[in-house]
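Asks: The following block contains the structure, expressed as structure tokens.
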Amino acid sequence: MCGRYTLFVEQTDLEERFDACFADSFTPRYNMAPGQRLPVITNDEPETIQRLEWGLVPSWADDDAGGIINARAETVHEKPSFREAYDRRRCLVLADGFYEWAEASGGDGKQPYRVAFEDDRPFALAGLWERWVPKQPETAQTGLEAFGGGDPDASEEGSDEPDALESFTILTTEPNDLVADLHHRMAVILDPEREREWLTADDPRDLLEPYPADELRAYPVSTAVNSPANDEPSLVESIES
């Protein structure tokens, strides 16, 4: 799975790399976590880097609880929670590394590792996004209002549509040889030459393959990353002696 990741490249470098501009300012992040609003590029606004909440809530859900942070690439085109988003609402999730946890030596808990390119260059993870709108309760009309005889301005009060929640999930696939030592799933890193194809192709399932292991590195980091409250540069430093 993918439960935490990083993005600390300079804003100008990110905008040049992805040929898109931030809708607002960007702050480097070293421990991105579910429930946070994080940078993505959606298929309907490919020239803008916007923030969506990590944890996809299907449009048909009764409430916005329990957002789904990962979706299996093998079945994403057929699962009810993702099928429509796969067809119509894909996104690039911007990152420059992600964390995985492996059993520590001696069975003493789990050791976090960061997986990234040697030069920490940014990349895009395959994602889906969704727009969920809270259901408005039905209200019964009584008295003259039911026949149009009430205050003509009263119907305008409280008529604003409720705020929509735009959220995303990250696709995972079988791990490459590097990540297999850490976890049985890994986030789908898209080939840079085909990122835009993920946003536009009719059925881009062939893009959802494990990224080559020889282009990535994995190294142990501090267990401070276990808490989403921690978000600082020291989290991405290797603790190897």
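Asks: Compute the relative contact order of the chain as a whole-number percentage, counting only Cα pairs closer than 8 Å that sit 6 or more residues apart in sequence. Spell out each step's value before the answer.
Replies: Details: 496 pairs, mean separation 56.6, N = 241.
Relative contact order for the chain comes out at 23 percent.
Asks: What ranking of ILE69, ILE49 emerges when the number of other C-beta atoms within 10 Å of each C-beta is taken as an exposure proxy, fewest first?
Replies: Values: ILE69 19, ILE49 22.
So the ranking, lowest neighbour count to highest, is ILE69, ILE49.
Asks: With unit charges on the beta carbon (Lys/Arg positive, Asp/Glu negative), name the residue among TRP60, ASN70, PRO80 whose Cα is farthest towards the positive pole of the charge dipole of the range 37-87.
Replies: Checking the options against the dipole of the range 37-87, the answer is ASN70.
Asks: Dipole of the chain (Lys/Arg Cβ +1, Asp/Glu Cβ -1, origin at the Cα centre): which of LEU94, ALA218, THR172 lies farthest to the positive side?
Replies: ALA218
Asks: Something else about it: Return the loop-located chymotrypsin sites (Phe, Trp or Tyr not before Pro) in the range 22-67 (DSSP other than H, G, I, E, B) with at most 15 other Cβ atoms within 10 Å of their own Cβ; answer none if there are none. Numbers along the way, then the final one.
Replies: Values: sites: PHE22, PHE26, TYR30, TRP54, TRP60; in loops: PHE26, TRP60.
Sites meeting the loop and neighbour criteria: TRP60.
Asks: Now a separate question. Using only the Cα atoms of the chain, construct the convex hull and provide its projected area averaged over every direction, in square nanometres to one decimal.
Replies: Working: hull surface 67.8 nm².
Average projection, Cα convex hull of the chain: 16.9 nm².
Asks: Relative to the Cα centre, what is the charge dipole magnitude of the chain, using +1 at the beta carbon of each Lys and Arg, -1 at the beta carbon of each Asp and Glu, and rounding to the nearest 20 debye?
Replies: Dipole of the chain, to the nearest 20 debye: 720 debye.
Asks: Just from its helices, what would the mean residue ellipticity at 222 nm be for the chain, if runs of 4 or more DSSP H residues each count -39500 (n - 2.57) and the sum is divided by every residue, rounded to the nearest 500 deg cm²/dmol? Walk me through the numbers on the way to the answer.
Replies: On the way: 3 runs with 20 residues, N = 241.
Estimated from H runs of four or more residues: -2000 deg cm²/dmol.
Computed from the coordinates by the stated procedures, all read-outs in this text should not be read as laboratory data. Just so it is clear, the structure is predicted and the values come from calculations on it, not from any experiment. Note that we place each Cβ from the backbone using ideal geometry, even for glycine, and neighbour counts take in every protein chain shown.
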